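Before any comments, here is the structure.
The values are calculated or read from the model by the stated rules, or taken from the named source; none is laboratory data. Bear in mind that the values here come from a model prediction, so they are computed numbers and not experimental data. A quick note on method: Cβ atoms are made from the backbone with ideal geometry, for glycine too, and the neighbour counts reach across all protein chains shown. Quick note on the areas: whole protein, heavy atoms, side chains included, nothing else; ligands and nucleic acids left out. Shrake-Rupley method; radii C 1.70, N 1.55, O 1.52, S 1.80 Å.
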Amino acid sequence: MKDIKSLTLSQLKEEMTALGEKPFRAGQIYKWLHVKLVSSFDEMTDLSAALREKLSSEYEITDLKKLEVQISKDDGTRKYLFELSDGNTVESVLMRYHHGNSVCISSQVGCRMGCKFCASTIGGCIRSLEPSEMLDQIYKITNDINERVSNVVVMGMGEPMDNFDNLIRFITLVTDENGLNISQRNITVSTCGLVPEIRKLADLHLSITLAISLHAGTDEKRKALMPIANKYSLSELTDACSYYFKETGRRLTFEYALIAGVNDKPKDADEIAALARKVSAHVNLIPVNPVTETGFKPTSGRETNAFKQALEQRGVNSTVRREMGRDIDGACGQLRKRKLDEK
Ligand code: SF4
């Protein structure tokens, strides 16, 4: 069965023509799927019963089952565990900001990148998500809270650039004015640093924000935390970042998880500042989430502020990311891992 929710409107029009239907039917179906967010053909009441039956025999509408929601008492952050149609599970997080609702989605079941501080990679990568399955996380949360989602962050489980084509299709669908119509500027994609894909993305000239998980300022230190650093050096990575900035005019973000005693010393601030200046990046400082399996602990608030000041003295803007939902299984991959362990 074909996955109808992963089709763009023009692909859907071609499909309808091939089925002997009028192309305008595609617009009706697209609206049911991407605006009214239905999960069955039976709900598409402006289509004839015969067409609905024909569609059911040709296509499937992907859907997610909500297995668990943890709601933070501190800030209303909601962490969802969803089951995909094949029984695999993914996590998504809703964060409520004064400027709107932001959803952080997963792009793969697990991850094969092996970053040492991350729970998502512990069982490896089981499979990549389809564009529809990335959309479903946003659609399910939209229906759950009955409010619009205005920002999307592809920073949950998985390496989005390791699922490049589906990621791009997802961005096309979620920003389509006939669908949810989320502005490209309100989309952030995070990567651990897949250099060829960063260049490929730059060539598409999108207006999304690219966030690079940096976490260390030298190749040696980065290799100890992130295996991808064995494949691409910091100099290759920052060259690709400069290329991205040149091609898109979009400022990049460096994500920097502060780990107590590992990467939070003044010398680290020196190294990060030099890299950020090279590519005009903004630095997001994130006190690392404690993950039992890694033993890493977050840098204290005082030292975090000192690190931020050190960057600013070196001419680099930075933000300390507000810790959302610290009282729930906040770090990506933790809720899923706990559920798998329970099984
Ligand atoms: S931090 Fe991101 S890229 Fe690294 S293992 Fe975790 S999910 Fe994968």
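Among (1) farther than 28 Å from Arg96 by Cβ; (2) within 17 Å of the chain's Cα centre (by Cα), there is one condition Thr175 misses while meeting the rest; what is its number?
(1)
Out of curiosity, is Leu285 open to solvent by less than 30 Å² (accessible area, probe 1.4 Å) and free of Cβ contacts under 8 Å to residues at least 40 places away in the same chain? Spell out how you get there, then give the answer.
Working: open to solvent by less than 30 Å² (accessible area, probe 1.4 Å): yes; free of Cβ contacts under 8 Å to residues at least 40 places away in the same chain: yes.
In short, yes.
Among the residues of region 153-180, write down those that are surrounded by 23 or more Cβ atoms within 10 Å (Cβ to Cβ), within 16 Å of the ligand (Cβ to nearest atom) and hydrophobic (A, V, I, L, M, F, W, C).
If the condition is that a residue be surrounded by 23 or more Cβ atoms within 10 Å (Cβ to Cβ), within 16 Å of the ligand (Cβ to nearest atom) and hydrophobic (A, V, I, L, M, F, W, C), then Val154, Met157, Met161, Leu167 are the ones that fit.
Consider Ala18 against the criteria (1) crowded, with 20+ Cβ neighbours inside 10 Å; (2) at pLDDT 95 or above: it satisfies all of them except one. Which criterion is unmet?
If we test Ala18 against (1) crowded, with 20+ Cβ neighbours inside 10 Å; (2) at pLDDT 95 or above, just (1) comes out false.
Inspect all residues belonging to region 135-145 and state whether any of them is in contact with a helix residue (DSSP H, G or I) (Cβ under 9 Å, 6 or more places away or on another chain) and within 16 Å of the ligand (Cβ to nearest atom).
Step one: filter region 135-145 for residues in contact with a helix residue (DSSP H, G or I) (Cβ under 9 Å, 6 or more places away or on another chain), giving 135-136, 138-139.
Keeping just the survivors that are within 16 Å of the ligand (Cβ to nearest atom) gives none.
Among the residues of region 135-145, not one is in contact with a helix residue (DSSP H, G or I) (Cβ under 9 Å, 6 or more places away or on another chain) and within 16 Å of the ligand (Cβ to nearest atom), which makes the answer no.
State which residue is farthest from Asp176 (Cα to Cα) when the search covers only region 29-56 and only residues that are surrounded by 15 or more Cβ atoms within 10 Å (Cβ to Cβ) and not hydrophobic (A, V, I, L, M, F, W, C). Give the derivation first.
First pass over region 29-56, keeping only residues surrounded by 15 or more Cβ atoms within 10 Å (Cβ to Cβ): 29-34, 37-39, 41, 44, 47, 51-52, 54-55.
Cutting the leftovers down to not hydrophobic (A, V, I, L, M, F, W, C) gives us 30-31, 34, 39, 52, 54.
Details: Tyr30: 11, Lys31: 11, His34: 9, Ser39: 19, Arg52: 24, Lys54: 26 Å.
Across region 29-56, the extreme among qualifying residues is Lys54.
Restricting to region 89-127, name every residue that is more than 15 Å from the ligand (Cβ to nearest atom) and either in contact (Cβ under 8 Å) with a residue 60 or more places away in the chain or touching a strand residue (DSSP E or B) at 6+ places or on another chain (Cβ under 9 Å) (or both).
Keep residues of region 89-127 that are more than 15 Å from the ligand (Cβ to nearest atom), which gives 94-103.
Of everything in region 89-127, those that are more than 15 Å from the ligand (Cβ to nearest atom) and either in contact (Cβ under 8 Å) with a residue 60 or more places away in the chain or touching a strand residue (DSSP E or B) at 6+ places or on another chain (Cβ under 9 Å) (or both) turn out to be Leu94, Met95, Arg96, Tyr97, His99, Gly100, Asn101, Ser102, Val103.
What is the one condition in (1) in contact with a helix residue (DSSP H, G or I) (Cβ under 6 Å, 6 or more places away or on another chain); (2) within 16 Å of the ligand (Cβ to nearest atom); (3) open to solvent by 20 Å² or more (accessible area, probe 1.4 Å) that Glu130 does not satisfy?
With respect to (1) in contact with a helix residue (DSSP H, G or I) (Cβ under 6 Å, 6 or more places away or on another chain); (2) within 16 Å of the ligand (Cβ to nearest atom); (3) open to solvent by 20 Å² or more (accessible area, probe 1.4 Å), Glu130 is out only on (2).
Tell me which residues, restricted to region 58-68, are in contact with an Asp or Glu (Cβ under 9 Å, 6 or more places away or on another chain) and buried (at least 16 other Cβ atoms within 10 Å of the Cβ).
Step one: of region 58-68, the residues in contact with an Asp or Glu (Cβ under 9 Å, 6 or more places away or on another chain) are 58-67.
Once the filter is applied, which keeps residues that are in contact with an Asp or Glu (Cβ under 9 Å, 6 or more places away or on another chain) and buried (at least 16 other Cβ atoms within 10 Å of the Cβ), region 58-68 yields Tyr59, Ile61, Thr62, Asp63, Leu64.
Of everything in region 229-248 that's open to solvent by 20 Å² or more (accessible area, probe 1.4 Å) and under 21 Å from the mean Cα position of the chain (by Cα), which residue is farthest from Ile208 (Cα to Cα)?
Pass one, region 229-248, residues open to solvent by 20 Å² or more (accessible area, probe 1.4 Å): 230-233, 235-236, 239, 242-243, 245-248.
The next check asks that each one be under 21 Å from the mean Cα position of the chain (by Cα); those that pass are 245, 248.
Details: Phe245: 11, Thr248: 9 Å.
Per the stated criteria, the residue is Phe245.
With a cut-off of at least 1 residues that are of a type in the set (Phe, Trp, Tyr), name the helices (runs of 4 or more DSSP H) lying wholly within region 127-209. Even if it seems obvious, please write down each step before you answer.
Details: elements: 131-145, 164-174, 195-203.
Output list reads 131-145, 164-174.
Among the residues of region 309-338, write down those that are away from the ligand (no atom under 16 Å from the Cβ), open to solvent by less than 50 Å² (accessible area, probe 1.4 Å) and either hydroxyl-bearing (Ser, Thr, Tyr) or modelled with pLDDT of 65 or more (or both).
Listed by number, the residues that qualify are Ala310, Leu311, Val316, Ser318.
For a quick check of your reading of the model, give me the residue pairs whose first member lies in region 244-255 and is farther than 17 Å from Lys200 by Cβ, whose second is in a helix (DSSP H, G or I), with beta-carbon atoms closer than 6 Å and at least 6 apart or on different chains.
From residues that are farther than 17 Å from Lys200 by Cβ, the pairs are Phe254/Ala276.
Using the structure shown, decide if Ser132 is of a type in the set (Gly, Ala, Ser) and closer than 27 Å to Asp162 by Cβ. First the steps, then the outcome.
Details: of a type in the set (Gly, Ala, Ser): yes; closer than 27 Å to Asp162 by Cβ: yes.
Yes.
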